[in-house]
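Laboratory data are not the source of any read-out in this text; all were calculated from the coordinates shown. Note that the structure is predicted; figures quoted are calculated from it, not measured. Methodologically, a virtual Cβ is constructed for each residue, glycine included, from the backbone with ideal geometry; neighbour enumeration extends over all protein chains shown.
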Amino acid sequence: MTLWVLRNNRYTAALIRLWESIMILSMTGFARKETSDTWGTLSLEIKAVNHRYLETWFRLPDSLRMAEIPLRERIKKKLSRGKVEVQVRFSPQAQTTNQLSVNTQLVHDLNQAIEQIKAIIPQSSNVNPLNILQWPGVVAEQALDPEQLQAELFKLLDSALDDLLAHRAREGAELAQAIEERLQLISTIVAEVRTRLPEIIEEQRTNLKTKVSELIEQIDPQRLEQEIVLLAQKIDVAEELDRLDAHVQETRHVLTQKGSVGRRLDFLMQEFNREANTLSSKSILAETTKKAVDLKVYIEQMREQIQNIE
């Protein structure tokens, strides 16, 4: 069976309504933000890939190492699953680190001390101003405000997280569409098997009678019919078809839920597989066996997509 059925007008309206209500997020995404000011240039890159739990990893300059814990907490508020890598680069402006700050009060005090020395020792030579600059505490590099720099980093992270979430939402919608296509294919298979179920059971009955007749010349027809009825009950797949329909509806429901739904969807794929395996084991006809194989293919395709859902 191919995907062409999904393009049929019967499904278009339903698909549109589903996409409008999509809430799921992919676990992969990337965002980069940068800001500049008189103190320098600060850039942040955040990359996320699928992971069973939320795992954060940071590469920070030494001047911002103290911000790691608050950064981790901010990420936890917006992301639930995924391996998240954050890399921060800081390039201070040259004039910021090289600008000198003169302690004028200390220079004034030194000048007074020099004048006192001259009064005692008149022959002392004039003092070179460069020597004054070398006096401890007279000049110092202007220090950056760490709180201001950290505040800028937090704003940068929040903006990058917004972009990352938008990226994950777009990918989530694509994943949901791929899953819905397979759900529709599964529903089509279930409907086809259910429609043909009486015919399949009758065909199985005929095949059994033929095989038994070939092996046994003398047999009680009434006893044979009883055995066939019991066997037909064992190979009846109506219950499995009902559960497959229920799993399709539950998966569609989960796709409209907010928050982390990946684990729930993964559990549903296990339930899908269980019913498909039972359908295959009960089948004694090539047609139903093929349908069971098709189901397993579509379920596995959904499972691969779901591995990337938060």
Obtain the nm distance between the two label points defined at A238 and Q307 by a simple spin-label model: each point lies 7 Å from its Cα along the Cα-to-C-beta direction. 3.9 nm
For I121, I46, what's the fewest-to-most ordering of other Cβ within 10 Å of each Cβ? I121, I46
Which of W57, W39 has the fewest Cβ neighbours within 10 Å, and the rest in rising order: W57, W39
Label 7 Å along Cα→Cβ of E73; the range 158-198 residues with amide nitrogen under 19 Å? 158-159, 161
Please report the net charge: other residues with Cβ closer than 12 Å to the Cβ of K296, K and R +1, D and E -1. +2
I need the per residue convex hull volume for the range 100-141, using only the alpha carbons, in cubic angstrom as a whole number. 57 Å³
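Taking K and R as +1 and D and E as -1, what net charge do the other residues with C-beta under 13 Å from the C-beta of R81 add up to?
Residues close to R81 contribute a combined charge of +4.
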